[in-house]
Amino acid sequence: MWLLVLILSIKLQMPTWYWIIFTIYTTLIMPISAFIKHCILVEVYKTGKKNEK
């Protein structure tokens, strides 16, 4: 994925800031948001199980 974006950014002559923002997004923001989503889904699942009893 990273290599593809790097090749495309060079081929399309994209500015450096685009590459920096993409790198920060994929390394920091995506894992954090995935963790938050996971925590929310676990709580929703637990609440659903409690209501079934």
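How much length, in nm to one decimal, is gained on full extension between Ile20 and Ile32, taken as 0.36 nm per residue of separation minus their Cα-Cα distance?
This chain segment gains 2.5 nm when fully extended.
For the chain, with the dipole built from +1 on Lys and Arg beta-carbon atoms and -1 on Asp and Glu ones, taken about the Cα centre, which of Val42, Ile29, Trp17 lies farthest toward the positive end?
Going by the Cα projections, it comes out as Val42.
At 222 nm, what value in deg cm²/dmol follows for the chain if DSSP H runs of at least 4 each add -39500 (n - 2.57) and the sum is divided by all its residues, to the nearest 500? Walk me through the numbers on the way to the answer.
Working: 3 runs with 42 residues, N = 53.
Estimated from H runs of four or more residues: -25500 deg cm²/dmol.
Using a 1.4 Å probe on the protein heavy atoms, what percent of the accessible area of the chain belongs to carbon and sulfur? Spell out each step's value before the answer.
Working: 3650 of 4960 Å².
It is 74 percent, rounded to a whole number.
Over the chain, average the accessible area per residue using a 1.4 Å probe and give it in Å², no decimals. Before the final figure, lay out the partial values.
Values: 4960 Å² over 53 residues.
Per-residue value: 94 Å².
Hydropathy first: keep DSSP H helices in the chain averaging at least 0.0 on Kyte-Doolittle, then drop any whose Cα extent along the axis falls short of 24 Å, and list what survives. Display every interim value, and only then the final one.
Working: long enough: 30-52 (33 Å, 0.03).
Those that pass (Cα extent of 24 Å or more, hydropathy at least 0.0) are 30-52.
Over all distinct alpha-carbon pairs, what is the Kirkwood Rh of the chain in angstrom? Before the final figure, lay out each step's value.
Working: mean 1/r = 0.0730 Å⁻¹.
Its Kirkwood hydrodynamic radius stands at 13.7 Å.
The values are calculated or read from the model by the stated rules, or taken from the named source; none is laboratory data. These figures come from a predicted structure and were not determined experimentally. Heads up, the Cβs are rebuilt from the backbone with ideal geometry, glycines too, and the neighbour counts pull from every protein chain shown. Note: accessible area is taken over every heavy atom of the protein model, side chains too, but ligands, DNA and RNA are not part of it. Shrake-Rupley method; radii C 1.70, N 1.55, O 1.52, S 1.80 Å.
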